[in-house]
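Enquirer: Let me give you the structure first, and then I'll get to my questions.
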Amino acid sequence: GARFAIGTTDCVVHMYRAPPPQQRGGRAPPPSSLHLVATLRGHKHDVTSVAWSHQGDALVSGSKDGTARLWRLKSLVEAGHVLGTAASPAVTFPGERWGSTGLGVPPGDDTAVPVLGAVVWSSDDARVVTSSSDSRVRVWSGRTGAPLLELRDAATGDGSAHAREVYVLDAHPLLAHVCLSASYDGTAVLWDLRTGTPIRTLKQPVVDDDNEIVDGRWSGDGESLVLTDTGGRLSVWGASLSAAMPSDVADQVEAGSLTVAGATPLAASSLAPLQQFTRADLTGPGLAFAPEAA
């Protein structure tokens, strides 16, 4: 069955399992069918983010205590607990014991620490990327949790990733070495995780003072990305992969006869803003999409 991980303000991550889809008719699992199979302890403050590996065999959690932890299943123990008061479901799951590795050295008890804002896995699960409110972005081994490098941009002056807090991370869905970070400084950076250097910096169009970026995601095919800011705007950017490939390979991609693999480099010079939207653009007369009616 499916696993669900929930970070809490109690400094723990609760792990639940639900019956497989065929045993619940393909519907979303009701609360009464969820089994609490593990409580992951190790953080000293609120758990702000959790992210599953793409293989589903590992989990990363981030916390206000300034740390991240890499979790892996170690063993099965006694029967799990059922959440809810309805009749017991037909499927039960054993409890689980998870082990963890801290990413980095935890701070002392009286030390002020930055909030760990986001965690993400690279598309091949080889790396974990974390960001924090002190504008730093770090890369760790997805297998051992060992530190690999810190992403640095010379344009920030102090060599950090951004000039302000970083709460947005998203790994490219096809290129395992490419990751997006975005910040309250109004910029998004595409990084090469192999070298720790920026591929390209994107700057939100400045129309007022509300240009802090609060979310950002790649499209499923990795050919575009979207950013949202505190001004309520949504910006779409395009990224062409074919410009970085040999012409014969580019032709095959254009014809749809080749799947772009993780080794393909990203074309740094081909990014351009496509369009920027506000709520009014999506709610005008004659438009099919209206958020308030969704």
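Enquirer: Placing one identical point scatterer on every Cα of the range 174-245 and ignoring solvent, what is log10 I(q)/I(0) from the Debye formula at q = 0.14, 0.18 Å⁻¹?
Expert: For the range 174-245 at q = 0.14, 0.18 Å⁻¹, log10 I(q)/I(0) is -0.44, -0.70.
Enquirer: Kindly write out, for the range 130-146 in residue order, the coupling ³J(HN,Hα) from the Karplus curve 6.51 cos²θ - 1.76 cosθ + 1.60 (θ = phi - 60°), rounded to whole Hz, with x marking Gly and Pro.
Expert: Going residue by residue, I get 10, 10, 8, 6, 8, 6, 9, 10, 10, 10, 10, 5, x, 9, 10, x, 6 Hz, with x marking Gly and Pro.
Enquirer: Right, another one. Explain nothing, just compute: Karplus ³J(HN,Hα) = 6.51 cos²θ - 1.76 cosθ + 1.60, θ = phi - 60°, for every residue of the range 5-14 in order, whole Hz, x for Gly and Pro.
Expert: Result, rounded to whole Hz: 10, 10, x, 10, 7, 8, 6, 10, 10, 8.
Enquirer: Packing-wise, with mean Cβ within 10 Å as the measure, how do 163-173, 41-51 rank, highest first?
Expert: The packing order, highest mean first, is 163-173, 41-51.
Enquirer: Name the residues whose placed amide hydrogens come within less than 5 Å of the amide hydrogen of Val12, ignoring near sequence neighbours (fewer than 5 apart) on the same chain.
Expert: Sorted by chain and number, the residues that satisfy this are Val47.
Enquirer: Under a point-charge model restricted to the Cβ atoms of Lys and Arg (+1) and Asp and Glu (-1), what is the dipole moment magnitude of the range 128-178 relative to its Cα centre, in debye to the nearest 20?
Expert: Using only the charged Cβ atoms, the result is roughly 160 debye.
The numbers here are math on the coordinates, done by the rules we state, and not lab data. Since this is a predicted model, take the numbers as computed values, not measurements. Neighbour counts are summed over all protein chains in view; Cβ atoms, including those assigned to glycine, are modelled from backbone coordinates with ideal geometry.
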